[in-house]
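Have a look at the structure below, then the notes.
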Amino acid sequence: DLHSIPGPALFLAGPGTGKTYTLGKRIKFLVEEANVPPDQITVITFTAAAAKQMRDRISNPSKEHEALYIEPDRQPKSIRTMHGLGFRIIKDPRINLGFACESVVHEYVQQEMICGDAAQLAGYGRITAVDTLQTRRLGFNSSKDEKIERTMRQYEQLLRSCSAIDFDDQIFLACKALRSHADMLKDYQQQCRHLLIDEYQDINAAQYDLIRLLSDGHTDGVFVVGDDDQSIYSWRGGSPEFIRRFEKDFGKETTVKQLLVSRRCHEHILEGALSAVSKFDGNRFKKGPFEYTHPAVAPIEIHSAPSDEKEARIITAIVEAALPTKDVLILVPHRGFADAIARALARAHIPFSADLTMPGEG
């Protein structure tokens, strides 16, 4: 079984191929068959919601979820995000940050405002903040560029004067703390004897650094899932290079496997996406062929519309053809695209509800 393969192991998991299930089965194998103490297992998810979902699935004894169910006293306590783990490390009472850490600045708007102030205090224009914050998001806490380096140090001073850190500091400071406290590093390495990581394609350089610190000396416990085709978080520093170089990073004992049964996507959807990605990304892992549990449905249709109004009429016709028994979801790049569609649906007396929340607003 795939979940029992010794690490370091990478599982390439396309859409709907069971990333959460694979991680859950790995946890269950470790505690129930390999008799690994739960406090030696750390599971890192991409979001807090994903951590909760993992916890819920291994805690649900119902028939639907019994394949992942683990008795409460055998469940690992450390299921958290990468940044949550970093924050836990820097709040360890054994370390002294040299300043009070009372808040974390998560919002990019706030970070840009503070970093803009830092750039001005360093003698540069506020535009320097853009490159400075991007450098940090890529996972680098220093730069050979003098403007960025000076702005970064000033930015940190402003945060510390407010007893604050930012989102990326949770990883930077955790790595610094572990390198400075050998006893603490040993303790956390023991807690990460088996380190399971979801969405590996979204890590950055600092997060990779933290992973290597925690797994040093026992990389056979590293078990990750991800898909370089789904690396869409470059704007926050994520890079597919780390998943693509996994075998090089972790050595000849590495195992790389594919999960090839898609239980969510129809064939035309996934194969259409893969054909587009293959054309424009020559560095990707080659994957497939996939198996599909859902029968193939209508193929993808592409319409070239000369105007918003024409596009709205095409969409309305598609919706009318699906009614009255089908639910229809219309996705738009931003709210400006919705106006013409809403008018066309109203003229056709088609009821609809609109959720035009933009990223970061809800």
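The values are calculated or read from the model by the stated rules, or taken from the named source; none is laboratory data. Since the model is a prediction, treat every value here as computed from it, not as a measurement. Neighbour counts are summed over all protein chains in view; Cβ atoms, including those assigned to glycine, are modelled from backbone coordinates with ideal geometry. Protein only, heavy atoms only, side chains kept; ligands, DNA and RNA dropped before computing areas. Shrake-Rupley method; radii C 1.70, N 1.55, O 1.52, S 1.80 Å.
Can you tell me how many residues within the range 70-96 are surrounded by fewer than 18 Cβ atoms within 10 Å (Cβ to Cβ) and more than 24 Å from the chain's Cα centre (by Cα)?
Total meeting the criteria: 9.
Which numbered condition in (1) at pLDDT 95 or above; (2) within 29 Å of residue 52 (Cβ to Cβ) is the only one that residue 107 fails?
With respect to (1) at pLDDT 95 or above; (2) within 29 Å of residue 52 (Cβ to Cβ), residue 107 is out only on (1).
Taking the range 14-36, which residues are in a helix (DSSP H, G or I) and over 15 Å from residue 263 (Cβ atoms)?
So in the range 14-36, the residues in a helix (DSSP H, G or I) come out as 19-32.
Answer for the range 14-36, where residues must be in a helix (DSSP H, G or I) and over 15 Å from residue 263 (Cβ atoms): 23, 26, 27, 28, 29, 30, 31, 32.
When you scan the range 101-137, how many residues do you find that are under 23 Å from the mean Cα position of the chain (by Cα), crowded, with 21+ Cβ neighbours inside 10 Å and of a type in the set (Gly, Ala, Ser)?
0
Quick check on my filter: what residues within the range 216-236 are surrounded by 22 or more Cβ atoms within 10 Å (Cβ to Cβ) and within 28 Å of residue 186 (Cα to Cα)?
Result: 221, 222, 223, 224, 225, 226.
Restricting attention to the range 169-188, which residues are free of Cβ contacts under 8 Å to residues at least 24 places away in the same chain and of a type in the set (Lys, Arg)?
176, 186 - these are the residues of the range 169-188 that are free of Cβ contacts under 8 Å to residues at least 24 places away in the same chain and of a type in the set (Lys, Arg).
With respect to the numbered conditions (1) in a loop (DSSP other than H, G, I, E, B); (2) within 30 Å of residue 114 (Cα to Cα), which one is the sole condition not fulfilled by residue 217?
(2)
Inspect all residues belonging to the range 36-44 and state whether any of them is under 30 Å from residue 134 (Cα atoms) and either open to solvent by 30 Å² or more (accessible area, probe 1.4 Å) or not hydroxyl-bearing (Ser, Thr, Tyr) (or both). Walk me through it before giving the result.
The first filter runs over the range 36-44 and keeps only residues under 30 Å from residue 134 (Cα atoms), leaving 42-44.
With the extra rule that they be either open to solvent by 30 Å² or more (accessible area, probe 1.4 Å) or not hydroxyl-bearing (Ser, Thr, Tyr) (or both), the set shrinks to 43-44.
So far as the range 36-44 goes, yes, one or more of its residues are under 30 Å from residue 134 (Cα atoms) and either open to solvent by 30 Å² or more (accessible area, probe 1.4 Å) or not hydroxyl-bearing (Ser, Thr, Tyr) (or both).
Taking the stated definitions as given, is residue 273 open to solvent by 60 Å² or more (accessible area, probe 1.4 Å), among the small types (Gly, Ala, Ser) and out of contact with any Lys or Arg (no Cβ under 9 Å at 6 or more places or on another chain)? Spell out the reasoning first.
Details: open to solvent by 60 Å² or more (accessible area, probe 1.4 Å): no; among the small types (Gly, Ala, Ser): yes; out of contact with any Lys or Arg (no Cβ under 9 Å at 6 or more places or on another chain): yes.
No.
Being of a type in the set (Ser, Thr, Tyr), at pLDDT 95 or above and out of contact with any Lys or Arg (no Cβ under 7 Å at 6 or more places or on another chain), is that true of even one residue in the range 119-134? Working first, answer last.
Residues of the range 119-134 of a type in the set (Ser, Thr, Tyr): 124, 128, 132.
Going one step further and asking which of them are at pLDDT 95 or above, we end up with 124, 128, 132.
Still in the list and also out of contact with any Lys or Arg (no Cβ under 7 Å at 6 or more places or on another chain): 132.
Looking through the range 119-134, at least one residue is of a type in the set (Ser, Thr, Tyr), at pLDDT 95 or above and out of contact with any Lys or Arg (no Cβ under 7 Å at 6 or more places or on another chain).
Being closer than 17 Å to residue 172 by Cβ, in contact (Cβ under 8 Å) with a residue 60 or more places away in the chain and not β-branched (Val, Ile, Thr) is the filter here, so list the residues in the range 189-238 that pass it.
Across the range 189-238, the qualifying residues are 204, 205, 206, 207, 208, 209, 210, 214, 236, 237.
What pairs come out if I take residues in the range 146-159 that are closer than 9 Å to residue 135 by Cβ and pair them with residues that are open to solvent by 100 Å² or more (accessible area, probe 1.4 Å) and aromatic (Phe, Trp, Tyr) whose C-beta lies under 7 Å away, six or more apart or interchain?
That search, which allows pairs on different chains as well, returns nothing.
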